Amino acid sequence: MQNVGSTENKGIEFSLSTQNILAKSKDGFSWSTDLNISATKERITELSQGKIDNVADLQFIGQPLTVYYEYKKLGIWQTGQEAEAAKYSSAVGQVRLQDTDGNGIINANDRVILGTQLPDYTGGVTNRFTFKRFSFSALVIFNQGNMFQSQLYTSGNNTMTLAGRYNNLNVNYWTPQNPTNDFPRPNYNGTPLFSNTFTYFDGSFVKIKNLSLGYDFSEVLAKKMAAKSFRVYASVQDPFTFAPYVKDYNGTDPEIPGRPSLITYTLGLNISF
Amino acid sequence: MKKIYLSLLLLIGIAFSACKKELIEDARSQVTDNYLSTPDGFQTGVNAAYSYMREFYGLEIGSNLSVQGTDEYTAGSGADRDFTTYTSNLGPTKGNLSTVWTNSYIGINTCNALINRAPDIDGIDATLKNTRVAEARFLRSQYYFLLVQMFGAVHLTTTETKGAVTTAARAPVADVYKLIIEDLDFAIANLPVTSNNYGRVIKPAAEHALAKVYLTRAGIANDAADYTKAAELAKSVINNYTYRLLDNFSDVFAQGTGERNNEVIFSIQYSSNVLTNGMGNKTHLYFQSAYDVQPGMQRDLANGRPFSRFRPTPYNANLVYNNVADGRSDKTFKRVYFCNRPGTYAINGRQVTLKLGDTAIYMPPFEMTAAQIAAKNYSVFPPSRVSDTMYPALTKFLDPTRRDSNDEPGYRDFILFRLGETYLIAAEALLMSGKPAEALPFINTLRRRAAKTGATATETAANKTAMEVTAAQLNIDFILDERMRELNGEHQRWYDLVRTKQLVNRVKLYNVLGAPNVKDFHMLRPIPQTQIDATDGGNSSFPQNPGY
């Protein structure tokens, strides 16, 4: 057993609970809010060789533990850029990469750290409302600034070959009539060049995690049913996700990359005797 | 009645008491490092050293890195086309390249451990130990030979790796060949001529390997001495042992006991035993095209599961063979399929009823007119109509003994060295030494064997004569064509073209997909980026090959 490095973790957590409106009477309207936010900064300070990056294992001094180190996609080579594209052994309609060291060729030195799986901050807000015998709560969670690699967009899954052999994701691909910078030109004769570069996505999201509505029957009514208390409620889990990956790229819930999240509806009774 | 019950009970009693009461478990979750230094462990280790050959020969990676992107095969519809198109996707991060790199070094390290530890292992017969070391050195030479042909200067190590190492360097190509030749010299001096364990490497196999190594090294600087050595070794394999060319070319690849025949010098072992077959020899999948979606056809064991990976170039399928006298084209490609799903189908613009066994598909190597095609009661694909989903299929790897037509693991041995190639090595080495007259008998013997069998003995004899060529016809282009005709699909082509420096020339001529992009620098594969990234100093201490 050997220690092969050290890391540093710094962060803040903040939570705030407020009673926004206090009920003036037993049946009055009340509103309370819980808010929490946390932000973590993580960085590698030393590795087995000292302050030297371990590129093979994607560990870089001063960076978080999990980073994506890849060519950076700037866009798509457009009509009129034939000569420039050819200089980089590419062609119009193919992914245009950042020539980081500016030496006129694309090679391993042009890779950059694209992002990290670690979000800048995460948090949640719960709002609770009560009025008479009704109670309502809503939980919203959010996550900002992380990156993830989408399995849907990896050509190995045959969902993003842009070659016509397999059913493809419905993406905004380049054609001479559609000079987009999103995705390259489909090509029957092979997968697009540098297809890895368009598999990374912003993992930020805002999600309505839970909505719940309840009603407590009066004790009198409960007693008639030989119960101490009687409550009915309805709740829904994960009804809405707002994320660039979902909105712009037909993606699934970025909180659990790789599969769609389930929307769960619950109807319930709470009876205690 | 009672008595019967009683005796029955007694019987059961006896049966139970015969069982041992205690269960002795010998659970081993892990083999310790020390095991390799025991006689048993050493022998098991040698077996393991062979196994990495199966990570290449028999899987798609082996075909991708040998037949694709050549004048022999181009991409079928299911292929990873990067190996044919020579675009920048065939770069340092290409998966197959890091796989062959890593697996070869795992194989090399296993051999190094065996070779280093052997002197200190007691309790094993000295001759046997020597034989096993010779096997390990042969295998190490094969892993290095693969690497040096693909990547050029590679990291050279002859000691077992213990613990993490972060330094590596690209040893000169000459040093890599020096080690390969030392290893094969040792193997030739110490291996027996036969083995009662079929599949182990024997002396003639090491001679064939060394002949190929000299031939390849000779190509780098046109070295006359190397060509001479290659020719001598090849002649030794041809003359000094019991190998002979089989009378019928097809029999070389006949399945069953046929894979072990007088022409096979060394083959990678596969078997129908699921426990030992690993991933199996999957080559049967890759050369078949989608016959099973044509009218009157469905997938079956005899025709194979069509992965549509490798499609013969038009040059290979239609031009390189002389179909009048040469029987090998018909014995290499399946051009006719017979109906295995009877019914009535729309074929050539009309309804045709196909019975079981009727011709359903025909892919002639020549053009036919629209009127000729329309007159046929089956689907016709002349050269102008073949596509990357429908093309003549290479038959030599088919494996109809699998349990089900969809089974991927195959059982056949992968034939790596066979006498047919030894003849071609001898001929090429002699030709390149400026001795075409000496090369000629090897070519003509091989070509006479390949002659088409005629209806009469006279016709056969005429075909054999027609197959003969003259010394004046011999040149490196002829040798390359002959290698294509004889060794079609046998994982040789990319290396043949690189050795003879004909890769760019021939791909431009005969491979439409590869022609626009192929350049001189493609005669070496890119060093896997994973290796460069893992080396202290990165690209400055482990530089990438030029062009990538």
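When only residues in the range A:222-233 that are open to solvent by 40 Å² or more (accessible area, probe 1.4 Å) and not in a helix (DSSP H, G or I) count, which is nearest to residue A:210 (Cα to Cα)?
Within the range A:222-233, the subset open to solvent by 40 Å² or more (accessible area, probe 1.4 Å) is A:223-226, A:228-229, A:231-233.
The next check asks that each one be not in a helix (DSSP H, G or I); those that pass are A:225-226, A:228-229, A:231-233.
Working: A:225: 30, A:226: 32, A:228: 28, A:229: 24, A:231: 19, A:232: 17, A:233: 13 Å.
In this case the residue turns out to be A:233.
Filter the range B:464-485 down to the residues that are among the acidic types (Asp, Glu) and open to solvent by less than 20 Å² (accessible area, probe 1.4 Å) and list them by number. Spell out how you get there, then give the answer.
The initial filter retains those residues of the range B:464-485 that are among the acidic types (Asp, Glu), namely B:468, B:477, B:481-482.
If the condition is that a residue be among the acidic types (Asp, Glu) and open to solvent by less than 20 Å² (accessible area, probe 1.4 Å), then B:482 is the only one that fits.
With the range B:55-135 as the region, which helices (runs of 4 or more DSSP H) entirely inside it contain at least 1 residues that are without any contact (Cβ under 8 Å) to a residue 12 or more places away in the chain? Full working, then the answer.
Working: elements: B:60-64, B:82-85, B:95-117.
Here the list reads B:95-117.
If I ask for residues that are over 15 Å from residue B:321 (Cα atoms) and among the hydrophobic types (A, V, I, L, M, F, W, C), which ones from the range B:444-467 would you list?
Listed by number, the residues that qualify are B:455, B:457, B:461, B:462.
Among the residues of the range B:291-305, which ones are open to solvent by 20 Å² or more (accessible area, probe 1.4 Å), assigned to a loop (DSSP other than H, G, I, E, B) and within 18 Å of residue B:78 (Cβ to Cβ)? Write out each step before concluding.
Within the range B:291-305, the first condition is being open to solvent by 20 Å² or more (accessible area, probe 1.4 Å), and the residues that meet it are B:292-295, B:298-302, B:305.
Pick out the ones that are also assigned to a loop (DSSP other than H, G, I, E, B) and you get B:294-295, B:298-302, B:305.
Passing the criteria: B:294, B:299, B:305.
One residue is enough: does the range A:25-35 have a residue meeting the conditions in a loop (DSSP other than H, G, I, E, B), open to solvent by 60 Å² or more (accessible area, probe 1.4 Å) and out of contact with any strand residue (DSSP E or B) (no Cβ under 9 Å at 6 or more places or on another chain)?
yes
Please go through the range B:304-338 and give me each residue that is within 13 Å of residue B:481 (Cα to Cα) and among the aromatic types (Phe, Trp, Tyr), ordered by number.
Of everything in the range B:304-338, those that are within 13 Å of residue B:481 (Cα to Cα) and among the aromatic types (Phe, Trp, Tyr) turn out to be B:315, B:321.
Could you say whether any residue in the range A:258-270 is part of a loop (DSSP other than H, G, I, E, B), at pLDDT below 90, closer than 30 Å to residue A:132 by Cβ and away from chain B (no Cβ under 14 Å)?
no
Quick grid of which residues meet (1) touching a Ser or Thr at 6+ places or on another chain (Cβ under 7 Å); (2) open to solvent by 70 Å² or more (accessible area, probe 1.4 Å):
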site	(1), (2)
B:351	yes, yes
B:356	no, yes
B:362	no, no
B:373	no, no
B:379	no, no
B:384	no, yes
B:387	no, no
B:398	no, no
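Considering only residues of the range B:246-277 that are in contact with a helix residue (DSSP H, G or I) (Cβ under 6 Å, 6 or more places away or on another chain) and not in a helix (DSSP H, G or I), which is nearest to residue B:414 (Cα to Cα)?
Across the range B:246-277, the extreme among qualifying residues is B:268.
When the residues of the range B:39-71 are narrowed to those that are among the acidic types (Asp, Glu) and open to solvent by 20 Å² or more (accessible area, probe 1.4 Å), which ends up nearest to residue B:492 (Cα to Cα)? Walk me through it before giving the result.
First pass over the range B:39-71, keeping only residues among the acidic types (Asp, Glu): B:40, B:55, B:60, B:71.
Then keep just the ones that are open to solvent by 20 Å² or more (accessible area, probe 1.4 Å); that gives B:40, B:55, B:60.
On the way: B:40: 36, B:55: 17, B:60: 14 Å.
Taking the candidates together, the pick is B:60.
With A:173, A:166, A:121 as the choices, which residue is within 14 Å of chain B (Cβ to nearest Cβ) and farther than 27 Å from residue B:538 by Cβ? Walk me through it before giving the result.
Details: A:173 fails: within 14 Å of chain B (Cβ to nearest Cβ); A:121 fails: within 14 Å of chain B (Cβ to nearest Cβ).
Just a single option satisfies the conditions, and that option is A:166.
Might you let me know whether the range B:41-57 holds any residue that is away from every other protein chain (no Cβ under 14 Å), in contact with a helix residue (DSSP H, G or I) (Cβ under 6 Å, 6 or more places away or on another chain), of a type in the set (S, T, N, Q) and on the phi < 0 side of the Ramachandran plot?
Checked the range B:41-57: no residue is away from every other protein chain (no Cβ under 14 Å), in contact with a helix residue (DSSP H, G or I) (Cβ under 6 Å, 6 or more places away or on another chain), of a type in the set (S, T, N, Q) and on the phi < 0 side of the Ramachandran plot.
Assigned to a strand (DSSP E or B) and polar (S, T, N, Q), is that true of residue A:100? Steps first, answer last, please.
Details: assigned to a strand (DSSP E or B): no; polar (S, T, N, Q): yes.
Here the answer is no, as residue A:100 does not meet what is asked.
Of the residues that make up the range B:289-304, is at least one without any contact (Cβ under 8 Å) to a residue 40 or more places away in the chain and over 25 Å from residue B:359 (Cα atoms)?
No: the range B:289-304 contains no residue that is without any contact (Cβ under 8 Å) to a residue 40 or more places away in the chain and over 25 Å from residue B:359 (Cα atoms).
Within the range A:22-53, track down each residue that is under 30 Å from residue A:5 (Cα atoms) and in contact with a Gly (Cβ under 7 Å, 6 or more places away or on another chain).
Residues satisfying the conditions are A:37, A:38, A:39, A:40, A:41, A:43, A:44, A:46, A:47, A:48.
Could you tell me which of the residues B:74, B:102, B:127, B:85 is out of contact with any His (no Cβ under 9 Å at 6 or more places or on another chain), open to solvent by 40 Å² or more (accessible area, probe 1.4 Å) and within 14 Å of chain A (Cβ to nearest Cβ)? First the steps, then the outcome.
On the way: B:74 fails: open to solvent by 40 Å² or more (accessible area, probe 1.4 Å); B:127 fails: within 14 Å of chain A (Cβ to nearest Cβ); B:85 fails: open to solvent by 40 Å² or more (accessible area, probe 1.4 Å).
Within the list B:74, B:102, B:127, B:85, the selection yields B:102.
Tally the residues that are assigned to a helix (DSSP H, G or I) and crowded, with 23+ Cβ neighbours inside 10 Å, restricting the search to the range B:151-174.
First, pick out the residues of the range B:151-174 that are assigned to a helix (DSSP H, G or I): B:151, B:173-174.
Narrowing the set further to residues that are crowded, with 23+ Cβ neighbours inside 10 Å leaves B:151.
Within the range B:151-174, residues that are assigned to a helix (DSSP H, G or I) and crowded, with 23+ Cβ neighbours inside 10 Å number 1.
Restricting the search to the range B:428-459, which residues are β-branched (Val, Ile, Thr) and farther than 24 Å from residue B:243 by Cα?
If we filter the range B:428-459 for residues that are β-branched (Val, Ile, Thr), which is where we start, we get B:443, B:445, B:453, B:456, B:458.
Of everything in the range B:428-459, those that are β-branched (Val, Ile, Thr) and farther than 24 Å from residue B:243 by Cα turn out to be B:456, B:458.
If I ask for residues that are part of a strand (DSSP E or B) and either surrounded by 17 or more Cβ atoms within 10 Å (Cβ to Cβ) or of a type in the set (Lys, Arg) (or both), which ones from the range A:110-120 would you list? Steps first, answer last, please.
Pass one, the range A:110-120, residues part of a strand (DSSP E or B): A:112-116.
Scanning the range A:110-120 gives A:115, A:116.
Working only within the range A:69-95, note down all residues that are open to solvent by 30 Å² or more (accessible area, probe 1.4 Å), farther than 18 Å from residue A:177 by Cα and either touching a residue at least 12 places away in the same chain (Cβ under 8 Å) or in contact with a helix residue (DSSP H, G or I) (Cβ under 6 Å, 6 or more places away or on another chain) (or both). Break it down into steps so the answer makes sense when it comes.
Residues of the range A:69-95 open to solvent by 30 Å² or more (accessible area, probe 1.4 Å): A:69, A:72-74, A:78-84, A:86-89, A:91.
If we keep only those that are farther than 18 Å from residue A:177 by Cα as well, we get A:69, A:72-74, A:83-84, A:86-89.
Passing the criteria: A:69, A:72, A:73, A:74, A:87, A:88, A:89.
Looking at the range B:514-528, which of its residues are open to solvent by less than 60 Å² (accessible area, probe 1.4 Å) and either modelled with pLDDT of 95 or more or more than 9 Å from every other protein chain (Cβ to nearest Cβ) (or both)?
Taking the range B:514-528 as the starting set, the residues that turn out to be open to solvent by less than 60 Å² (accessible area, probe 1.4 Å) are B:514-515, B:517-518, B:522-528.
Result: B:514, B:515, B:518, B:522, B:523, B:524, B:525, B:526, B:527, B:528.
Based on this model, can you work out whether residue A:204 counts as closer than 29 Å to residue B:310 by Cβ, surrounded by 15 or more Cβ atoms within 10 Å (Cβ to Cβ) and of a type in the set (Gly, Ala, Ser)? Show your work before the answer.
Numbers: closer than 29 Å to residue B:310 by Cβ: no; surrounded by 15 or more Cβ atoms within 10 Å (Cβ to Cβ): yes; of a type in the set (Gly, Ala, Ser): yes.
The answer is no for residue A:204.
Of all the residues that make up the range B:200-245, how many are open to solvent by less than 40 Å² (accessible area, probe 1.4 Å), modelled with pLDDT of 95 or more and assigned to a helix (DSSP H, G or I)?
Residues meeting the conditions: 23.
Looking only at helices (runs of 4 or more DSSP H) that fall completely inside the range B:322-440, which ones have 2 or more residues that are touching a residue at least 60 places away in the same chain (Cβ under 8 Å)?
Numbers: elements: B:328-332, B:370-374, B:419-432.
Per the criteria, B:328-332, B:419-432.
The values are calculated or read from the model by the stated rules, or taken from the named source; none is laboratory data. Keep in mind the model is a prediction, meaning the values are calculated, not measured. Methodologically, a virtual Cβ is constructed for each residue, glycine included, from the backbone with ideal geometry; neighbour enumeration extends over all protein chains shown. The area values use the complete protein model at the heavy-atom level, side chains included, leaving out ligands, DNA and RNA. Shrake-Rupley method; radii C 1.70, N 1.55, O 1.52, S 1.80 Å.
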